[in-house]
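Data first, discussion second: the structure below is written as structure tokens.
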Amino acid sequence: MTTLLHETLNSSSIYLPTPARVVATRELTELEKLFKLELPSGFSLDHRPGQFVQISMLGIGEAPISISSSPSRSNGSFEICVRRVGRVTNAMHQLQPGSILGIRGPFGRGFPVERFRGKDILFCPGGLGLAPLRSLINEVLDERGKYGRVIILYGTRSPQDILFQDEIEEWKKRTDIEFHMTVDRPDETWSGNVGVITTLFSKVQIHPRNMVAVVVGPPVMYRYVLMELLGKGITEGNIWFSFERHMKCGVGKCGHCQMHHIYTCQEGPSFSYAEIKHLEEAL
């Protein structure tokens with residue numbers, strides 16, 4: 001498991017936030033903003049794709065946020081994509097470069113990248129799910145020769161909700177990526193596919209024996225994407241999800257994130273379908 005940042009920073013408490021400086025911000029959509037953060041003295045976050053951190057604002061509160069940047073592109077900093085939905089995230093959207101906030105982590109189990117090497121990978125991000133999945137996508141692209149086919153199927157509500165549009169344009173140009181995108185509610189500017197993400201499966205050929213699928217998005221889409229993946233013959237152990245729960249403490253103490261006996265903040269948030277298929281509330 002990745003060494004926790006608190007062990008790197010003089011073995012301080014797992015409950016004590018470490019100050020981090022906002023290096024840069026970038027508007028992605030009307031609700032989402034990308035933050036580039038830097039730790040003291042150039043320390044590395046030392047995270048894995050799929051992990052999260054707890055972000056705290058003094059006098060306001062704390063919120064779990066997925067890490068959006070790849071470990072292969074850390075360079076002493078990391079990125080988080082924040083949707084403005086509550087007190088903490090609203091306050092974060094007011095921050096400017098140079099501002100200080102607190103972080104704890106990284107927490108949770110990331111995706112088992114080593115097990116994915118040598119296989120075809122099908123990425124299925126939905127909506128804001130592209131933010132955490134971007135970490136794994138860029139890790140794979142930075143080590144492109146270690147993987148087979150790379151397929152990205154991205155679905156979102158409208159053209160205005162598309163995240164990381166500059167990177168998506170680069171993915172479209174690459175000959176070593178198969179990229180398809182759809183929106184639920186098109187406007188006059190949209191000329192692509194219209195419909196939910198499962199409408200994109202007919203556009204790609206899947207060889208299930210050597211394929212891993214990674215799905216991150218709103219829970220409502222998981223059941224339908226899973227039906228498509230199982231129908232294509234991908235094995236249960238090669239289908240991976242990331243689960244959002246109310247990660248209050250991040251260290252398995254408060255129980256807010258429990259799914260039956262499983263503490264999502266520690267044993268997840270990434271799970272293979274084989275691991276959680278017996279949990280009624282999972283999908």
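All of the numbers you see were taken from the coordinates with simple rules; none came from a lab. Since we're looking at a predicted model, the values are computed, not measured. Positions of Cβ are backbone-derived with ideal geometry, glycine not excepted, and every protein chain shown enters the neighbour counts.
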Item to check | Helix-only [θ]222 nm of the chain, DSSP H runs n ≥ 4, -39500 (n - 2.57) each, per residue, nearest 500 | outcome: -5000 deg cm²/dmol
Item to check | Nonlocal amide H pairs with Gly217, under 5 Å, H built at 1.01 Å | outcome: Gly126, Ser242
Checklist entry - To the nearest 0.05, what FRET efficiency results for Tyr224 and Leu31 with a Förster distance of 35 Å applied to their C-beta separation? => result 0.90
Next on the checklist: What FRET efficiency comes out for Val23 versus Gln160 if R0 is 35 angstrom and r is the Cβ-Cβ distance? Round to the nearest 0.05.
Outcome noted: 0.85
Item to check | the chain: most fluctuating residue of Ser56, Ser69, Ser99 per GNM, C-alpha cutoff 10 Å | outcome: Ser99
Item to check | Assigned charges on the beta-carbon of Lys, Arg, Asp, Glu; the chain dipole about Cα centre (debye) | outcome: 280
Checklist entry - Whose amide H sits under 5 Å from the amide H of Ser158, counting only residues 5 or more places off or on another chain, with H placed in the peptide plane? => result Asp184, Arg185
Next on the checklist: Please state the shape class of region 1-145: rounded when a/c is under 1.5, otherwise prolate if a/b exceeds b/c and oblate if not, all from the C-alpha gyration tensor.
Outcome noted: oblate
Next on the checklist: From the gyration tensor of the Cα coordinates in region 113-242, what semi-axes in whole Å does the equivalent ellipsoid have, largest first, with each one equal to sqrt(5λ)?
Outcome noted: 22, 17, 13
Item to check | Sorted by Cβ density within 10 Å, fewest first, the residues Leu230, Leu130, Leu37, Leu141 | outcome: Leu230, Leu141, Leu37, Leu130
Checklist entry - What nm value, rounded to one decimal, do you get for the distance between Val85 and Trp190 when each label is placed 7 Å out toward the C-beta? => result 2.0
Item to check | Lys, Arg +1 and Asp, Glu -1 on Cβ, resulting dipole of region 5-107 about Cα centre, debye, nearest 20 | outcome: 120
Checklist entry - How large is ³J(HN,Hα), in whole Hz, for each residue of region 115-124 in order, when computed from phi with the Karplus curve 6.51 cos²θ - 1.76 cosθ + 1.60 and θ = phi - 60°, using x for Gly and Pro? => result 6, 7, 5, x, 10, 6, 10, 10, 9, 10
Checklist entry - Which Cα, out of Thr89, Cys254, Gly233, lies furthest along the positive dipole direction of the chain (beta carbon charges, K/R +1, D/E -1)? => result Cys254
Checklist entry - Residues with amide H under 5 Å of Arg109's amide H, sequence separation 5 or more or different chain, H placed in the peptide plane at 1.01 Å from N; which? => result Gly268, Ser270
Item to check | Members of Lys36/Lys146; Lys146/Lys172; Lys33/Lys232; Lys33/Lys203; Lys36/Lys277 lying beyond 25 Å, as alpha-carbon distances in this model show | outcome: Lys36/Lys146; Lys33/Lys232; Lys33/Lys203; Lys36/Lys277
Checklist outcome for this item: Given Cβ charges of +1 for Lys and Arg and -1 for Asp and Glu, the option among Ser77, Leu28, Leu45 whose Cα lies farthest towards the positive end of the dipole of region 5-107 is Leu28
Checklist entry - With +1 on each Lys and Arg Cβ and -1 on each Asp and Glu Cβ, how big is the dipole of region 149-204 about its Cα centre, in debye rounded to the nearest 20? => result 260
Next on the checklist: Sorted from largest to smallest, which semi-axis lengths in Å does the alpha carbon gyration tensor of the chain give for its equivalent ellipsoid, taking the root of 5 times each eigenvalue?
Outcome noted: 29, 22, 18
